[in-house]
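Written out below as structure tokens is the structure these notes cover.
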Amino acid sequence: MRRRGGDDGGLELGTSAVAVLVVALVAAIGLELLHGSRLSIAKFGWSFWTGRDWDPVSGEFGALPFIWGTFYSSLLALLVAAPVGVGIAVFTTDVVPPRFRRPLAFLAELLAAVPSIVYGLWGIFVLVPVVRGLETVVSRTPLRKLPLFSGPPYGLGMLSAGLILALMVIPYVSSVSREVLQAVPVAQREAAYALGATRWEAIRAALHYGRTGILGAVFLGFGRAFGETMAVTMVIGNNPQLSASLFAPQYSMAAVIANEFSEATGDLYLHALTEIGLVLFVITLLVNAASRLLIWSVQRGPGRVSDGVPAPETIPPARAGEAA
Amino acid sequence: METATMTPSPTTPTHAVSMDARSAPASAPAADAPPLIEIGGFSFWYGPKQALFDIDLRIRERAVTAFIGPSGCGKSTLLRCLNRMNDLIDGVRVEGSVRVQGQDLYGPDVDVVDVRKRLGMVFQKSNPFPKSIFENVVYGLRLQGVKNKGVLRDACEKALRGSALWDEVKDRIEESALSLSGGQMQRLCIARALAVEPEVVLMDEPCSALDPIATAKIEELIFQLKERFTIVIVTHNMQQAARVSDETGFFMLGKLIEFDKTDVIFTRPKQKMTEDYITGRFG
Ligand SMILES: Nc1ncnc2c1ncn2[C@@H]1O[C@H](COP(=O)(O)OP(=O)(O)OP(=O)(O)O)[C@@H](O)[C@H]1O
Ligand SMILES: [Mg+2]
């Protein structure tokens, strides 16, 4: 007995140490980024966030086009990935015959294992030409008058970036949504069925029960899309401009760091790039923390769990937490 | 005998010959009206495992019928077969028939959704939706496409009065159902089942998670409800079965051992096993 107690104590100490270490590591990264961007912070202050010019030659650095590009492409990705990802989750928990569920879910999750660069190559060789064709068609219609579809159809640009991001994010959204749906007590679906619900209505009840968790899954996908670098860099067009157009070549925070870091000349330039890294780091951290909180809130079950609402079985922490 | 097969099983289990259940008169005695539900030659399998063996049972209208028996004897299984909730489980198979007003629930053209509207269910653990009290009660009506606010309000009040919850919650029906106490939640679930005006209310150990006061309330409620509804209740509590039910079926190992008027079952059962069980000698 005593010995076991001792072991548990050791284990507890060990895990706490690791936990503290992780937090310390995150803090250290933040500080390091802060330190590495001090020149840029000192020179531009908050105007760094709102400046639209990125001109290394004249030493003018504004990050807005990159922030804009990152948000735009991530939102676009989510617009596609959220319904598709949740759809896959519903499909593989409630619709498909049980023996096909695991294999199908596994296949969907396999998408997450494909290296980013492969997505990028696929994007260049397959997606971009298709998108270009699509854009060409659209720009022949009156739709081109809308800001969303203005400009020449390059193929390389926001639409391609959004779509490739969507593809990369879908496995995250679907696997976490799936866990959330599986954590919804059977009693909820049964309650719906017993009141005369069809299968779809019962699924709706389950989705409603797990809605915060589903939202968390979507947020997690957002965090993921946010930091994604390689594939986006390859298809977004790499042009720092603020444009509402889906067709316009734009830029993202991660992409500009990846492209320009190795050839940045001058300290201010380096510090400006690092500051973009800092902004990315902070936002990603916030988005991930928010999504995790939402998912936990479902796993704990809403409201007064003790009073008869069965707590969902504890499910393993979603493994999709890492954002690049 | 009608046969309905949901999932054909490769291994057809041999039909176990039931012994005592056959020899005992398993039909409701001295019922003047024809029974509302007539279970005939009913067997049930979870995959290869047979859970119910050749059950014959009649349930009278506007009466309370109790199922008792040791854990795992198939009470819940039979109850869930009465509104086809077991369809949701993979690989189950049934044989025999469950006729409600003459119509076989396992017949070929039966609309399962409609069956579940006609035979409502209350579960062992209350399972309110994480919505307002009002939205919980009218959920079934909304499924049926009722949109009129006034109609929904009236139905909600009627159902909550029917489950003796109205006075406690009438000022807070827009609040979350999860803010109710355990006993209130269970009565809410009863109200939710009543709101769709079913013919039958199936209750699976509705009080097992409740304290004695909440239990007493629900028992009283059951007593009132039988004026309007036919009730089938599964319970582990002998006193409860004796108090609330008109007829009682005793099950063991998937077989119906004895079925009779409740006072007969509890005072002069015909089967030794029944007597042993109700006197607490086993189970
Ligand atoms: N989903 C299922 N899959 C396979 N077997 C099941 C399933 N549900 C129940 N069983 C089995 O069927 C038998 C009858 O179970 P049932 O739940 O009907 O018993 P019960 O009489 O309601 O018991 P209790 O009083 O404990 O609720 C048991 O042996 C049980 O293990
Ligand atoms: Mg049971």
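The values are calculated or read from the model by the stated rules, or taken from the named source; none is laboratory data. Everything quoted here is computed from the prediction, not taken from an experiment. Every residue, glycine as well, gets a Cβ built from its backbone with ideal geometry; the counts of neighbours run over all protein chains shown. Accessible surface is based on the protein model in full, side chains and every heavy atom, while ligands, DNA and RNA are left aside. Shrake-Rupley method; radii C 1.70, N 1.55, O 1.52, S 1.80 Å.
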Worksheet item: For the stretch B:37-53, what does the Karplus curve 6.51 cos²θ - 1.76 cosθ + 1.60, with θ = phi - 60°, yield as ³J(HN,Hα) per residue in whole Hz, taken in order and with x for Gly and Pro?
Response: 10, 10, 9, x, x, 8, 10, 9, 10, 9, x, x, 8, 7, 10, 10, 10
Worksheet item: What average number of partner chain Cβ atoms lie no more than 10 Å from the Cβ of the residues making up B:54-61?
Response: 0
Worksheet entry | Fraction of antiparallel bridges per DSSP, chain B only, in percent to nearest 5 | 60 percent
Practice prompt. Might you tell me the accessible area per residue for chain A, computed with a 1.4 Å probe and given in Å²?
Written response: 49 Å²
Response to the item:
Listed by chain and number, the residues whose amide H is under 5 Å from that of B:Ser245, excluding neighbours fewer than 5 places away on the same chain and using placed H, are none
Worksheet item: Rounded, prolate or oblate: which one fits the stretch A:73-227, using the alpha carbon gyration tensor with axes a ≥ b ≥ c (rounded when a/c is under 1.5, else prolate when a/b beats b/c, else oblate)?
Response: prolate
Response to the item:
Residue-ordered couplings for the stretch B:199-214, obtained by feeding phi - 60° into the Karplus form 6.51 cos²θ - 1.76 cosθ + 1.60 and rounding to whole Hz (Gly and Pro as x), are 7, 10, 10, 9, 10, 9, 6, x, 10, 5, 9, 10, 7, x, 6, 4
Worksheet, complete the sentence: Accessible-area order for A:Trp54, A:Trp46, B:Trp45, largest to smallest, probe 1.4 angstrom, reads A:Trp46, A:Trp54, B:Trp45
Worksheet item: What is the antiparallel percent of DSSP beta bridges lying wholly in the stretch B:167-283, to the nearest 5?
Response: 55 percent
Worksheet, complete the sentence: Under the 7 Å Cα-to-Cβ spin-label approximation, B:Arg268 and B:Asp171 lie apart by a distance in nanometres of 5.5 nm
Worksheet item: Which cross-chain or sequence-distant (5 or more) residues have an amide H under 5 Å from the amide H of A:Gly51, H modelled 1.01 Å from N in plane?
Response: A:Ala63, A:Leu64
Item to complete: Treating only the Cβ atoms of Lys and Arg (+1) and Asp and Glu (-1) as charged, compute the dipole magnitude of the protein assembly as shown about its Cα centre; round to the nearest 20 debye.
Response: 360 debye
Worksheet, complete the sentence: Counting only DSSP beta bridges with both partners in the protein assembly as shown, the antiparallel fraction in percent, to the nearest 5, comes to 60 percent
Worksheet item: Among all stretches of chain B without exposed GluC sites (Glu not before Pro) (DSSP loop, at most 12 other Cβ atoms within 10 Å), which one is longest?
Response: B:1-173
Worksheet item: Which of the lysines could a cross-linker span from B:Lys49 if the Cα-Cα distance has to be under 21 Å and same-chain partners fewer than 8 positions apart are dropped?
Response: B:Lys75, B:Lys255
Worksheet item: Of all the stretches in chain B, which is the longest one without any exposed loop site, taking trypsin sites (Lys or Arg not before Pro) in a DSSP loop (any state but H, G, I, E, B) with at most 16 other Cβ atoms within 10 Å?
Response: B:63-146
Discussion item. How many Å² of accessible surface get buried when B and A come together, counting both sides, probe radius 1.4 Å, rounded to the nearest 100?
Written reply: 2200 Å²
Worksheet item: Cα gyration tensor of the stretch B:181-283, axes a ≥ b ≥ c as square roots of the eigenvalues: rounded (a/c below 1.5), prolate (a/b > b/c) or oblate?
Response: prolate
